[in-house]
Protein chains: 4
Amino acid sequence: MRVAVLGARGRMGTEAVKAVDGADDMELVAQLGRGDALEEIREAGATHVVDLSVPDATEDNVRFAVEHGIHAVVGATGWDAPRLSRLEELLAQRPETGVLIAPNFALGSVLATAFAAKAARYFESAEIIELHHPDKVDAPSGTAVRTAELMGQARRDAGVAPSPDATVKDPDGARGAVVEDIHVHAVRLRGLVAHQEVLLGSAGEQLTFRHDSFDRASFMPGVLLGLRTVASRPGLTHGLDSYLDLAL
Amino acid sequence: MRVAVLGARGRMGTEAVKAVDGADDMELVAQLGRGDALEEIREAGATHVVDLSVPDATEDNVRFAVEHGIHAVVGATGWDAPRLSRLEELLAQRPETGVLIAPNFALGSVLATAFAAKAARYFESAEIIELHHPDKVDAPSGTAVRTAELMGQARRDAGVAPSPDATVKDPDGARGAVVEDIHVHAVRLRGLVAHQEVLLGSAGEQLTFRHDSFDRASFMPGVLLGLRTVASRPGLTHGLDSYLDLAL
Amino acid sequence: MRVAVLGARGRMGTEAVKAVDGADDMELVAQLGRGDALEEIREAGATHVVDLSVPDATEDNVRFAVEHGIHAVVGATGWDAPRLSRLEELLAQRPETGVLIAPNFALGSVLATAFAAKAARYFESAEIIELHHPDKVDAPSGTAVRTAELMGQARRDAGVAPSPDATVKDPDGARGAVVEDIHVHAVRLRGLVAHQEVLLGSAGEQLTFRHDSFDRASFMPGVLLGLRTVASRPGLTHGLDSYLDLAL
Amino acid sequence: MRVAVLGARGRMGTEAVKAVDGADDMELVAQLGRGDALEEIREAGATHVVDLSVPDATEDNVRFAVEHGIHAVVGATGWDAPRLSRLEELLAQRPETGVLIAPNFALGSVLATAFAAKAARYFESAEIIELHHPDKVDAPSGTAVRTAELMGQARRDAGVAPSPDATVKDPDGARGAVVEDIHVHAVRLRGLVAHQEVLLGSAGEQLTFRHDSFDRASFMPGVLLGLRTVASRPGLTHGLDSYLDLAL
């Protein structure tokens, strides 16, 4: 596996360069940043790219890879519906090439979300607490909203009633936001990075999933798993969870 | 120590009867409920009473005890300013008699609140999460509000700035209630009883206090501690924390 | 669904009687204890039995049910290999009848164990902390051992190395027991009932599953789920997890 | 306040240089490393030093400071009884100069230990779980041992019985180490840094203190608090807790 890292001088890219370089089964053959010629990828004989560039660059990067039969693992954002549609057309002409577009490479977070969605229907009550550093500008976090949507959907599909709540007096909004019938609470605390708890309760028992992201290094096992798997999954795949063996 | 339990047929009273009966250094000499004559207390030779009756009855109960030189540990609610003032006048005439009025007998909860108030000034960020059964009608809990007030006061007294918070977008109120500059979050989950977490954070570290009340039995060590201490603290005492050796 | 409860006067049986009685889609038609004639089950027209009796009685109870085409949900212990073998022979003659034998009816515990086994291979480190009341005579708990076995097996099957551990000096055994390469720690604390945490860690992230059993009521949703499912799963089934939709 | 940092090129020293430089009420006037002449401290007009050097150097560093009437905050290790005794003799000749020797500058850790020692006597059961990165060579951690010693001492002084424990079967040592009658458990998990939980339990309730150290930055508020306080505490002080207002 000969890997080129695109967006190699950004924060995620720097970590990816280290991770690929340290993996016994991979050879780091190119590191490209803004302004570098994509032709370098081909010249270096890359069989895989990791694209951690910016929204402006990622479509050109991935198209170049696919056109040359190079598998791509993509963490860059900006893949809206028209872009995805154009990529799928291109992949139809290169049916042996695989592309993974993953909004989240932290295995723990991907697993916690999948398990929460699966377990939510078996409990009477479900809530989410997300905890982040105090420099975050939005609340609740995108991951919490996504988790609530999946849990809420699973509960509705199974005919589970909304979580019981006798609250009649909450003048200051202590019960938090409600997303898909799931209460979501956002804590902002200096010292934290990115953390999430899913709380499920029934009479006499509680089940809790907690995920802690302490630093960016946590994304690298997911990036390497993506690289090791993408060639065996031709076509377009969304989300790292598709590569995990989660059947229980 | 000869103890009479007042309000002995209520839920707290029933537990107190068991606890006093099981204590090696106490003799249970009377159990009074609604309608029983207070004279029974004196006839039984009680040296102490535990009053766990209702707001309508508690003032008469405690006055009867003090008038007969019997020490009183009081968990009943309803002690507003006029009642307290009348009680203090009466105690001035019986200077050797002790009365403890305690809104909370759970030692763990009393300790957690005291520690949270003490530690709050040493951290950049402070938030509270309270978690209760879903049949609770008010949010946040009274204990959480009281804890936030004590923490906020301590931070202001020490000149600590409000917790940093860059949130600019929180359309659904995920950041919870704000009490004395402390964000307070209320979770309602089937299976829980009464729980509280105080979260304190600074760069690189977090300190968390968590208290769990699993059932009413948790109040009994506090009741027994009150009984064992009240005779040595003549006059009126507010709050069980006054009896704890908390100087560090 | 017409349900008879066997072992109805034991602690679990008492809860089951209440749970079946309270379920809209079930009719409680018989409650049998030690010494009652099994014939009562048939006379009451039961379509299902819940057997929460003792090891001495359970085999006769279940055989009686199967012989009469009555589905059985079994929480009683004592089902060793010869008994299971005899039961399977009997079921071969009654292919339309279903039997569920479940060592654990707490849905949260069953789910936590299944998820832990599934996730263990994706992390560098894995440990277990189980926490129980101090009257428990064995350590670690059977659930912790079973969880460690499943996690260890999954890690070996995936070729994952044992969790890293540089400890060279641990004179008093603080690192706990080692079960299938997984360190297992047992806490005994007054106030607790039965709790378990599975901790998974990789560079920069942690994933934690925690299950709390606060009281026996937590088993009843699992018993009801068993009753509602057993008729559609003829033959012998082991473990409630087989009835949960856990494919992710 | 004019501050010189000694041991300025080490890991802690580098952080201290940044912290002093960033404090509005302090001026960073000198940074000394191995081989630099102590005379620089005096030439720079320092009123305070922070000594984060090595055991070989710290005694000379601190003596130089005290001889010149410069207050010292010391995080370096190696202060055995003879060294401390010599320092106290010297301070007797410079009664206006203050020295703080602190083994731990993390405020949260210092507070958690103090609170644990204070609360331990009020609960029937007490245990400690410490959690660290897997490259740590000793178990349990020094902080856990110190916490257990303080808790055990406090419980014995108050006449509290050892925590109840009915365990009769624990073939693999899951109950962990026992330090001063307190069970101590050590978890080693990739992704973690340094964390500790103190668990206190009585019938119906639990009180938990948790401290998380995520990185070395967590020591700096303690270093700055030491610098701001040391001049008002002439003579030798041991432990940062002496500077905290912990009376409750």
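The values are calculated or read from the model by the stated rules, or taken from the named source; none is laboratory data. Only a predicted model underlies this, so the values are computations on that prediction, with no experimental measurement involved. Cβ sites come from the backbone with ideal geometry, for glycine too, and all protein chains shown count toward neighbours. Just so you know, the surface numbers come from the protein's heavy atoms only, side chains and all, with ligands and any DNA or RNA stripped out. Shrake-Rupley method; radii C 1.70, N 1.55, O 1.52, S 1.80 Å.
Numerical summary
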read-out: Subset tally (residues that are farther than 20 Å from A:Arg11 by Cα, among the acidic types (Asp, Glu) and touching a helix residue (DSSP H, G or I) at 6+ places or on another chain (Cβ under 9 Å)) for the range A:35-69; value: 2
read-out: Test for D:Ser242: is it at pLDDT below 95, open to solvent by 20 Å² or more (accessible area, probe 1.4 Å), more than 7 Å from chain B (Cβ to nearest Cβ) and under 24 Å from D:Gln93 (Cα atoms); value: yes
read-out: Flag for B:Pro134 being open to solvent by 40 Å² or more (accessible area, probe 1.4 Å), of a type outside the set (Lys, Arg) and within 7 Å of another protein chain (Cβ to nearest Cβ); value: no
read-out: Where a residue in the range D:79-106 is free of Cβ contacts under 8 Å to residues at least 40 places away in the same chain and its partner, wherever it lies, is among the hydroxyl-bearing types (Ser, Thr, Tyr) and open to solvent by less than 40 Å² (accessible area, probe 1.4 Å), with Cβ under 8 Å and at least six apart; value: D:Trp79/D:Thr58
read-out: The range D:190-224, residues that are open to solvent by 20 Å² or more (accessible area, probe 1.4 Å) and hydrophobic (A, V, I, L, M, F, W, C); value: D:Val193, D:Ala194, D:Ala203, D:Phe214, D:Ala217, D:Phe219, D:Leu224
read-out: Neighbours by Cβ (under 8 Å, 6+ apart or cross-chain): first from the range B:17-44, open to solvent by 60 Å² or more (accessible area, probe 1.4 Å); second part of a helix (DSSP H, G or I); value: B:Lys18/B:Met220; B:Asp25/B:Arg228; B:Gln31/B:Gly13; B:Gln31/B:Val17; B:Arg34/B:Ala57
read-out: Checklist (1) at the interface with another protein chain (Cβ under 10 Å from one of its Cβ atoms); (2) open to solvent by 10 Å² or more (accessible area, probe 1.4 Å) applied to B:Ala139, failing item; value: (2)
read-out: Single unsatisfied condition, A:Arg11 versus (1) in contact with a helix residue (DSSP H, G or I) (Cβ under 9 Å, 6 or more places away or on another chain); (2) surrounded by fewer than 16 Cβ atoms within 10 Å (Cβ to Cβ); (3) free of Cβ contacts under 8 Å to residues at least 60 places away in the same chain; value: (3)
read-out: Conditions (1) under 29 Å from C:Phe214 (Cα atoms); (2) surrounded by fewer than 22 Cβ atoms within 10 Å (Cβ to Cβ); (3) among the aliphatic types (A, V, I, L, M); number of the one not met by D:Val187; value: (2)
read-out: Of all residues in the range C:157-169 being at the interface with another protein chain (Cβ under 9 Å from one of its Cβ atoms) and out of contact with any strand residue (DSSP E or B) (no Cβ under 7 Å at 6 or more places or on another chain), the one that is farthest from D:Arg190 (Cα to Cα); value: C:Ala158
read-out: Long-range neighbours under 7 Å by Cβ, at least six apart or interchain, first residue open to solvent by less than 60 Å² (accessible area, probe 1.4 Å) within the range D:156-170, second among the aliphatic types (A, V, I, L, M) and part of a loop (DSSP other than H, G, I, E, B); value: D:Ala166/C:Val137; D:Thr167/C:Val137; D:Thr167/C:Ala139; D:Asp170/C:Ala139
read-out: Complete set of residues in the range A:110-131 that are open to solvent by less than 10 Å² (accessible area, probe 1.4 Å) and not hydrophobic (A, V, I, L, M, F, W, C); value: A:Ser125, A:Glu127, A:Glu130
read-out: Residue check for B:Leu100: open to solvent by less than 10 Å² (accessible area, probe 1.4 Å) and either of a type in the set (A, V, I, L, M) or closer than 23 Å to D:Ala112 by Cα (or both); value: yes
read-out: Total residues in the range C:53-73, condition open to solvent by 10 Å² or more (accessible area, probe 1.4 Å) and touching a strand residue (DSSP E or B) at 6+ places or on another chain (Cβ under 7 Å); value: 3
read-out: Subset tally (residues that are more than 23 Å from the chain's Cα centre (by Cα) and either within 17 Å of D:Thr77 (Cα to Cα) or assigned to a helix (DSSP H, G or I) (or both)) for the range D:7-39; value: 2
read-out: Whichever residue in the range B:74-83 is open to solvent by 30 Å² or more (accessible area, probe 1.4 Å) and at pLDDT 95 or above and, among such residues, is farthest from B:Val3 (Cα to Cα); value: B:Pro82
read-out: Yes/no for C:Val198 being in contact with a helix residue (DSSP H, G or I) (Cβ under 9 Å, 6 or more places away or on another chain), farther than 30 Å from C:Val20 by Cα and within 7 Å of another protein chain (Cβ to nearest Cβ); value: no
read-out: Boolean, A:Phe105 is of a type in the set (A, V, I, L, M, F, W, C) and either modelled with pLDDT of 95 or more or over 30 Å from A:Val198 (Cα atoms) (or both); value: no
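For every residue, the table says whether it meets (1) within 27 Å of D:Glu205 (Cβ to Cβ); (2) in a strand (DSSP E or B); (3) not assigned by TED's automatic domain parsing to the domain that holds C:Leu111.
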position: C:Val178; (1), (2), (3): no, yes, no
position: C:Val184; (1), (2), (3): yes, yes, no
position: C:Leu192; (1), (2), (3): yes, no, no
position: C:Glu197; (1), (2), (3): yes, yes, no
position: C:Leu207; (1), (2), (3): no, yes, no
position: C:Leu225; (1), (2), (3): no, no, yes
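Let's see how each residue does on (1) more than 23 Å from the chain's Cα centre (by Cα); (2) without any contact (Cβ under 8 Å) to a residue 12 or more places away in the chain; (3) more than 7 Å from every other protein chain (Cβ to nearest Cβ):
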site	(1), (2), (3)
B:Ala126	no, no, yes
B:Val145	no, no, yes
B:Asp181	yes, no, yes
B:Ser218	no, no, no
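Residue by residue, here is whether (1) of a type in the set (Gly, Ala, Ser); (2) within 14 Å of chain D (Cβ to nearest Cβ) holds:
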| site | (1), (2) |
| --- | --- |
| B:Asn61 | no, no |
| B:His68 | no, no |
| B:Gly98 | yes, no |
| B:Pro103 | no, no |
| B:Val110 | no, yes |
